[in-house]
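This report concerns only the one structure given below.
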Amino acid sequence: MASLDRVKVLVLGDSGVGKSSLVHLLCQNQVLGNPSWTVGCSVDVRVQDYKEGTPEEKTYYIELWDVGGSVGCASSIKSTRAVFYNSVNGIMLVHDLTNKKSSQNLYRWSLEALNKDSSPTGVIVSNGSDYDREQFAENPVPLLLIGTKFDQIPENKRHEVLTRTAFLSEDFNAEEINLDCTNPRYLAAGTSNAVKLSRFFDKVIEKRYFTRDPIQMTGFTDRKRFNFKSLHYD
């Protein structure tokens, strides 16, 4: 097992959205009893069977890097955090479905990670529609959008919240998973969430090991630097 090939996946999002609980559930298949604030970065490992059930099946390690902090923190903290963004093969963007601000901040987290040599400031959030989705269409790093605390959304608010997350998913050109990290059934084998998760990890592995130009995020040139002009948010 020690000789398995591996890929690195960042887990990004505001403090308190449940990143540590999510990573524990994904890697240990157990609910995290007493989650605590992540200082710096915490790394856990999940085993993934690439193309399971096919002749190409192969086992890999998925390293999940749970990055702590806030997008609103001092530039010195952001600079320190940038060391975790080297040689990344995929990104999970995590937000709290009951906290709209945590969803909005995913744009800033993605800017910080994908443009790790820049300072993501001045992001405008509005109801406009001039956000250019093609910027993420050409992003080579696979993304997955994960909404937590699904169980805490009032029944009469679910349609509104899920409509909002659908916009996020479209903006990031990524599939979305919504779940409750205290209930393993949301990721049970055979569920749509489990299928999306496996598909994401397979995509990360494929881009790292089976493409002509392996994807390892080392920063973007000025020409490809992401710049959100306006983000449509109610």
### Task
Kindly check whether there is at least one residue in the range 154-175 that is without any contact (Cβ under 8 Å) to a residue 60 or more places away in the chain, touching a strand residue (DSSP E or B) at 6+ places or on another chain (Cβ under 8 Å) and open to solvent by less than 10 Å² (accessible area, probe 1.4 Å).
no
### Summary
Those residues of the range 180-199 that are more than 16 Å from His24 (Cα to Cα) and touching a residue at least 60 places away in the same chain (Cβ under 8 Å) come to a total of 1
#### Entry: Condition check for Leu97: more than 30 Å from Arg6 (Cβ to Cβ), crowded, with 20+ Cβ neighbours inside 10 Å and at pLDDT 90 or above
yes
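Does Ser21 qualify as being over 21 Å from Val195 (Cβ atoms), in contact with a Pro (Cβ under 7 Å, 6 or more places away or on another chain) and crowded, with 16+ Cβ neighbours inside 10 Å?
Judged against the criteria, Ser21 is a match.
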### Message
Which of the strands (runs of 3 or more DSSP E) found entirely inside the range 1-99 contain at least 1 residues meeting this: among the aromatic types (Phe, Trp, Tyr) and at positive phi?
### Response
none
### Query
Exactly one of (1) under 18 Å from Ile177 (Cα atoms); (2) open to solvent by 40 Å² or more (accessible area, probe 1.4 Å); (3) of a type in the set (Gly, Ala, Ser) is unmet by Ser36. Its number?
(1)
### Message
So, in the range 42-56, how many residues would count as being buried (at least 16 other Cβ atoms within 10 Å of the Cβ) and either closer than 23 Å to Asn86 by Cα or free of Cβ contacts under 8 Å to residues at least 12 places away in the same chain (or both)?
### Response
4
### Query
If you check every pair at least six apart or on different chains, which have Cβ atoms under 6 Å apart with a residue in the range 7-20 that is touching a residue at least 24 places away in the same chain (Cβ under 8 Å) first and a residue that is crowded, with 23+ Cβ neighbours inside 10 Å and of a type in the set (Lys, Arg) second?
Val11/Lys19; Gly13/Lys19
### Query
Wholly within the range 129-234, which helices (runs of 4 or more DSSP H) include no fewer than the required count, namely at least 3 residues that are at pLDDT 90 or above?
158-172, 192-209
### Message
Take Val9 and tell me if it is within 15 Å of Ser198 (Cα to Cα), open to solvent by less than 50 Å² (accessible area, probe 1.4 Å) and touching a strand residue (DSSP E or B) at 6+ places or on another chain (Cβ under 6 Å).
### Response
yes
### Task
Answer yes or no as to whether Trp65 is modelled with pLDDT under 95 and not aliphatic (A, V, I, L, M).
no
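The values are calculated or read from the model by the stated rules, or taken from the named source; none is laboratory data. In this text the structure is predicted, and so the values were computed from the model without any measurement. All Cβ positions, glycine included, derive from the backbone under ideal geometry; neighbour counts span all protein chains shown. Just so you know, the surface numbers come from the protein's heavy atoms only, side chains and all, with ligands and any DNA or RNA stripped out. Shrake-Rupley method; radii C 1.70, N 1.55, O 1.52, S 1.80 Å.
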